[in-house]
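As structure tokens, the structure follows; a few thoughts come after it.
Any read-out appearing in this document is the output of simple, stated calculations on the displayed coordinates, not a laboratory observation. Being a predicted model, the structure only gives us computed values, none of them experimental. Glycine gets a Cβ as well: all are built from the backbone with ideal geometry, and neighbour counts include every protein chain shown.
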Amino acid sequence: MALRGTLFFFLFYVYLWVGVDLRLMYQGGGMIENFPCFFRGWGFFLEHVSYPGGFAEYISSFLSQLFYVGWAGAAVVTVQAWLIFFCVDWIVKAMTGRRVGWVRFIPAILMLILYSQYAYQFTTATAVLAGLVFTCVYLKARTASEAVNLVIFSVLFAVTDYIAGGGCLLFALLCVIYEVFFRYRWRSGLLYLLLAPAILYIEGIWVFGVGIDGAFSRFLPFSWRMFIYEGRKPVFLEVYVLYLFLPAALVVLSLWELLVRRLCRPGGEADISPERDLSEGGEKAEGKMSGKLLRCRSRMVSWYRGASVLKWFAGTLVLLAVSAGGVFYSFNGETRSLLLVDYLARRQEWPEVLEFARGRPHRFLINHTVNRALYHTGRLAYDMFAYPQHPNTLLLTSSAPAYKFCAQWMTFDTYLELGYVNVAEHELVQCLETFGERPVVLDRLALVNMVKGNTGTARIYLGALSKTLFDGARAKGRLEEIAAEPGFSSDEQVRRLRSLMVENDRGFESAVANILPDLLAANRKNRMAFEYLMAHYLLTGQLDKVAENIYRLDDFDYAGIPRLYEEAILLYETVKKKEADLHGRQISGDTRFRFGDFFRIYARKYRSNKKAAFNELAGGYGDSYLFYYIYGFSGAKR
Amino acid sequence: MSAETKRAEGRQDRNRRKRVRLWILLFAVFLLVVLSGTALYIFAGKRAVIEQYDSVNRPAKIHPDYSDIVIPANIAPMNFKVEEKGLKYFVRIHSQQGEPIEVVSRTGKTEISQSRWRRLCEMNRGRDLYFDIFVKDDGGRWKRFAAITNRIAGEDIDGYLVYRKMHPTHLLYNGDLGVYQRRICNYDESLVLGRRFFKNGCLNCHTFCGNDANTMFLSIRSDRYGASTLLLKDGVVGRIGTKFGYSSWHPSGRLVVYTISRTPLFFHTASNEVRDTVNMDSALVYYVVGSKQVKTSPQIADKSQLETWPRWSPDGRWLYFCSAKMLWSDKNRFPPEQYDKVKYDIVRVSYNLDRDEWGERETVISAEDTGQSSLVPRISPDGRWLIFCMCEHGSFPAWKPDSDFYIVDLEAGRENGKYKYRRLDINSDQSESWCTWSSDSRWIVFSSKRGNPTFTRPYISYVDKNGKVYKPFVLPQKDPLFYDSCLKTYNTFELVTGPVAVTGERLTRVIRGSRQITVDLPITMATPRAGSFYGRQKTSRQAE
């Protein structure tokens, strides 16, 4: 049994580390809204221990920070799952007198399912664990006296409520089940049921002054806190099962035992004595079995005992199959892709972003990051149509509700890089409110304020950042730099962003056609704004605008005209039948040849039949603007 | 001896050994506690003496800046950090009477004992309070800085400060927004009502009648429970089915005047403060507590004017408020034309409570004279002083970096027939807004963004009988560096004499309950729906 558990948890760990990669959850990608923040210092600690459940939140917040280091995060979750496994095993044995191997694996499988969906429920699992630990304490500490047990229950319940919030309800439920179903003490069970809400009310509302929701439902699936995260569908079912599987299993086991004992007794009379020794229950029942059943069972047991290795393999295979099935059906590959792309982008691993995105289906959020990666690798004007594109992906201007928060998360860096600093600040403040005081948000807000010359505000954001676990040292370094030079005029990044900032003050625009010219008006050497403006014109088929803005190439150091612009100019000249002013530049022979070949295939060979020409054009020109212009989509070349 | 007996004896022996170990452990813990206590008693009581030091002819730099200020005797210990480089720090706080307080630290953080601070302040009302600061430098020599001198005022400040605390949000409210009360004499802060009590709504202005915490109302907005106002009076909490904007209790407690307005947000692309708002349309109405009716009058609700920020005079005979001419005809265009030309006057209208009669408008501060927008009038409870904000244009000073405080002597104005205003010395280069007076008119607490243009903090100033407002200081916190990393902004301060006499849970029950006082507004006006916002950004995003 120990070997099976070890094997299971080893695979559990490896899957979380490599398969799920908890670093992605730490980053959050604008999708995980309830991932906690953690700050060093007494203030944060005292704030948390001032309400029921705050202690579990504090511990969970701290441990969750280890998700930053993938292997450490996976280890933390594995230990948590193992502790739950251990407690469940102990409780089942203590209550029923025997081991029921399958029950103890259920929470770990549920946790695998939750993590496969990238649903953050670490705090809930901590609350469940606390409920189970205190149930163990109760079972260990209880005496023969009902009055003493009542006192023990009350004290432990109050402590569990304080430490784990809603986890105390699991504790109460397990205690009630034990008293009623296993000890047949109905009066105790009833008293516990009455006492629990009273203690919750007194502790939550009178002592700690939290609202009724805070007192009764923290960490529970019916709490409104589960609903407030609008970005993604909350995981109710799994959390309900996490809380209720053990009480349900114990009730079923108790009823099953009753049934078996009733069936096994000669004459069918049940001998239910409250004082019976539970640990010997199985043997006693065996002695009372009817002859036929006993023979049957003996044969089965002897066969089973003889085939223990087979039994182990069968059991292990079933366990692994169930776990793998759960993981397979719950794994959210799309979320993983989005989180991974965001993670790589924050680390500025642009080639990896492009590599990952190649051949992936069209997703606005991924394509937005791909365009940033293309810009940073100098390929936007050459290769953007090698990937799926849509006019709304450039600045994520879609109003689709699914992108409401993700778009803000994903665009703050884009706006910042463009020099649209106030809009970046706006998106960051929105993220601060939606996702909490995440280190990346604090870091960027500090940068925004340094750029704007708001040293005092930057200090406050850096002050908060300096209390985080993994970004603290960098923030302290920045604070020292501020102390040495409050104006930040020698900081290259700050100077560059200052040079890009817009000067034309007006209400925010999300129309790309207005934002980018504003940025270029502020600084005509804003290369990103230029490439994004041209990309916008290409995506929206504004060939005349592409031709009109070719003169801006003079402000940059391109070697010739980028290929996609050349293709657009050739299209413009063909469609409008007039020559574009290229400011002394030439369209390359290669582009002219490709252009001629494209239209030879499309117009002559297939007589402008788009459907018929598709395969050949996609194979040779699927990454060209010509293809996008004709077919209205891109990324066709494999 | 049977094996059974041997086993029993063995068990007893083991148990005995266990008990002995337990007693030894308990005794060791007891000894440790006693010794630590004794050591603390001896060393805490011992006076540190630094006999050799070099004098420095300037005061040490401390943070927060608690120098040259006037403090109330009932303020919490003013913990600070010495911002001078050194290996060791020694601070002696003393006055003419009482035991000096001495604090030694290695970081410069000076955390003062509450009881000793309290005793020292109580014994020295009206006297100077000195901070002697010694710093040990790298060479091991002590430096003594010139003493920092503060003054303890004879008058106490009101016991509690109620405020709203939140992230500096733009549109979304998703964090821990709440109305809190802070005990001034220590650091205890408790939640009056949080948005999480009623499923993530929004909390707006809270207003007390005078400085009495037992008569209050509090506006809330919630997708689930709608927009309403909680009314606490005579220990009873009721819910009025409409949201009160900026408001003011009549001193009699019989009616409340409040603003109804449409103030959508918009955002700047290039100015330092991103947020802005325009009062598109507003008027004043009043809720009569006894008859549960909402009324208005043309004197306070002129269709061609934008009326806001009402405030009763302490005698209840005058209503002061801000009023500006509406400069646009197209109410659908946003921001409207000339929105940055709107400048508010401070006007007043007489009121007869018994007859429910309003007099004619009188201009107190004219935008034509000042060339600026005068906002948020606050009259001292003795009726003598009017403090207000002035900024270049607009109706929301908290988002105007140029917003400063000005003061008017109303008594002199009544005698001369002309209200003269003067700029206060307490202003900074950032926005000052929202001031509250203590019940004895000797203290003000106000919002200030000094030091940073984003987070408002509570500052306290002493006001003497001649209307001189002294150097302000930030509300003390236990951790002197608290504000350096606090990501919350403090606003809408109200000083009250006692704690709010109702729990958050009771207020929440009223919000969740089905009973509410339904009122009909006497005028029609578009008011913002709960959770909605207006702005070009959303409009254009939706258009795409």
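For region A:541-631, state what percent of all Cα-Cα pairs lands in each successive 10 Å bin, counting from 0 Å until the bin that includes the largest distance.
16, 48, 28, 8, 0
Is there a pair in B:K449/B:K471; B:K199/B:K243; B:K165/B:K449; A:K476/B:K478; B:K61/B:K471 whose C-alpha atoms are over 19 Å apart, and which pairs would that be?
Those over the limit are A:K476/B:K478.
Name the long-range amide H neighbours of B:T277: under 5 Å, sequence gap of 5 or more, or other chain; modelled H, no Pro or chain starts.
Amide H neighbours of B:T277: B:F266.
Would you kindly derive the ³J(HN,Hα) couplings of region B:110-125 from the backbone phi angles with the Karplus curve 6.51 cos²θ - 1.76 cosθ + 1.60 (θ = phi - 60°), listing them in order in whole Hz, with x for Gly and Pro?
10, 10, 9, 5, 5, 5, 6, 4, 4, 4, 4, 5, 4, 6, 10, 4
At R0 = 35 Å, how high is the FRET efficiency between B:T149 and B:R414 if r is their beta carbon distance? Nearest 0.05 is fine. Present the calculation step by step, with values, prior to reporting the outcome.
Working: r = 37 Å, r/R0 = 1.07.
Calculated value: 0.40.
Working from the alpha-carbon coordinates of region A:12-152, get Rg over Rh, Rh being the Kirkwood radius.
Ratio of gyration radius to Kirkwood radius for region A:12-152: 1.04.
Against the longest principal axis of chain A, how steep is helix A:291-306, in degrees 0 to 90 to the nearest 10, with axes from Cα atoms?
Approximately 50 degrees, to the nearest ten.
Quote the Stokes-Einstein diffusion coefficient, in whole µm² s⁻¹, for region A:336-500, based on the Kirkwood radius over alpha carbon pairs, a temperature of 20 °C and a viscosity of 1.002 mPa s.
128
Taking θ = phi - 60°, what integer Hz values does the Karplus form 6.51 cos²θ - 1.76 cosθ + 1.60 yield along region B:464-473, in sequence order, with x for Gly and Pro?
8, 5, 8, x, 7, 9, 8, 3, x, 9
For region A:105-186, just the Cα atoms, rotate onto the principal axes and tell me the three extents in Å, largest first.
In descending order, the Cα extents are 46, 25, 18 Å.
Less than 21 Å apart at the alpha-carbon level, and either on another chain or at least 8 residues along: which lysines does that give for B:K418?
B:K343, B:K465, B:K468
Taking the beta-carbon count within 10 Å as an exposure proxy, list B:K165, A:K611, B:K400 from fewest neighbours to most.
Lowest count first: A:K611, B:K165, B:K400.
Calculate the spin-label point distance for B:D425 paired with A:Y382, positioning each point 7 Å from the Cα along the beta-carbon direction, and give it in nanometres.
Label-label distance for A:Y382 and B:D425, simple model: 6.7 nm.
Specify, per residue and in Å³, the volume enclosed by the convex hull of the alpha carbon atoms belonging to chain B.
Spelled out: Cα convex hull of chain B, divided by residues, is 255 Å³.
Provide A:V137, A:V448 in ascending order of the number of other Cβ atoms located within 10 Å of each residue's Cβ, fewest first.
Ranked by crowding around the Cβ, least crowded first: A:V137, A:V448.
Return the whole-Å distance between the Cα centroid of region B:287-360 and the Cα centroid of region A:469-513.
43
What whole number of Å gives the distance from the Cα centroid of region A:326-375 to the Cα centroid of region B:368-402?
Rounded to whole Å, the Cα centres lie 52 Å apart.
Roughly how many whole Å is it from the C-alpha centroid of region A:571-638 to that of region B:460-516?
Centre-to-centre (Cα) distance: 67 Å.
In sequence order, what are the phi-derived ³J(HN,Hα) couplings for region A:385-395 according to the Karplus relation 6.51 cos²θ - 1.76 cosθ + 1.60 with θ = phi - 60°, rounded to whole Hz, with x for glycine and proline?
8, 6, 10, x, 9, 7, x, 7, 6, 4, 10
P(r) for the protein assembly as shown, please, calculated from all Cα pair distances in 10 Å bins and given in %.
Reading the bins upward from 0: 2, 8, 14, 17, 18, 16, 12, 8, 4, 2, 0, 0, 0.
Evaluate 2.2 N^0.38 Å with N set to the residue count of chain A, then give the Cα radius of gyration divided by it.
Relative to the 2.2 N^0.38 Å estimate, chain A comes out at 1.26.
Express the relative contact order of chain A as a whole percentage, based on alpha carbon pairs under 8 Å and six or more residues apart in sequence.
Values: 826 pairs, mean separation 79.2, N = 638.
Reported as a whole number, the value is 12 percent.
Using DSSP to define loop residues, name the trypsin sites (Lys or Arg not before Pro) in region A:312-364 whose beta-carbon has at most 16 other beta-carbon atoms within 10 Å.
Working: sites: A:R336, A:R346, A:R347, A:R358, A:R363; in loops: A:R347, A:R358, A:R363.
Hits after loop and neighbour filter: A:R347, A:R358.
Can you sort B:S380, B:S448 by how many other beta carbons sit within 10 Å, fewest first? The partial results should precede the final answer.
Details: B:S380 22, B:S448 26.
Taking fewest neighbouring Cβ atoms as first place, the list is B:S380, B:S448.
Loop-only trypsin sites (Lys or Arg not before Pro) in region B:133-164, please: DSSP not H, G, I, E or B, and at most 14 other Cβ atoms within 10 Å.
Passing both the DSSP loop test and the Cβ count: B:R141.
Given 4 °C and 1.567 mPa s, compute D for region A:2-255 with the Stokes-Einstein relation, Rh being the Kirkwood radius over Cα pairs; round to the nearest whole µm²/s.
It diffuses with D of about 69 µm²/s by this estimate.
Using unit Cβ charges (K, R positive; D, E negative) and no other charged atoms, how large, in debye to the nearest 20, is the dipole of chain A about its Cα centre?
2480
If each residue of separation counts as 0.36 nm, what is the full-extension length gain between A:V155 and A:V14 once their alpha-carbon separation is subtracted?
Between A:V155 and A:V14, full extension yields 46.8 nm more.
What FRET efficiency comes out for the pair A:K637/A:E481, r = Cβ-Cβ distance, R0 = 41 Å, nearest 0.05?
Efficiency, from the Cβ-Cβ distance: 0.30.
Partner chain Cβ atoms within 10 Å, averaged over the residues of B:499-512 - can you pull that number for me?
2
If I model a spin label as a point 7 Å beyond the Cα along the Cα-Cβ vector, how far apart are those points for B:V49 and B:H63 in nm?
Roughly 3.5 nm, to one decimal.
Applying 1/(1 + (r/R0)^6) with R0 = 22 Å to the Cβ-Cβ distance of A:L310 and A:V252, what FRET efficiency is obtained, to the nearest 0.05? Intermediate values should be presented prior to the final figure.
Values: r = 27 Å, r/R0 = 1.22.
Using R0 = 22 Å, I get an efficiency of 0.25.
Quick check for me: using +1 on Lys/Arg Cβ and -1 on Asp/Glu Cβ, what's the dipole size of region B:54-152 about its Cα centre, in debye to the nearest 20?
120
What does the average come to when, for each residue of peptide B:448-459, you count the partner chain Cβ atoms lying within 10 Å of its Cβ?
Mean shielding by partner chains, rounded to a whole number: 3.
At 222 nm, what value in deg cm²/dmol follows for the protein assembly as shown if DSSP H runs of at least 4 each add -39500 (n - 2.57) and the sum is divided by all its residues, to the nearest 500?
Computed mean residue ellipticity for the protein assembly as shown: -13500 deg cm²/dmol.
Just to be sure I understand the model, the point goes 7 Å from the Cα along the line to the Cβ. What's the resulting A:L7 to B:D128 distance in nm?
Roughly 8.3 nm, to one decimal.
DSSP loop trypsin sites (Lys or Arg not before Pro) in region B:443-528 with at most 13 other Cβ atoms within 10 Å of their Cβ, which ones?
B:K465, B:K468, B:R515
Starting with the highest mean, order A:438-447, B:67-76 by the number of other Cβ atoms within 10 Å, averaged over the residues of each peptide.
Descending packing order for the listed peptides: A:438-447, B:67-76.
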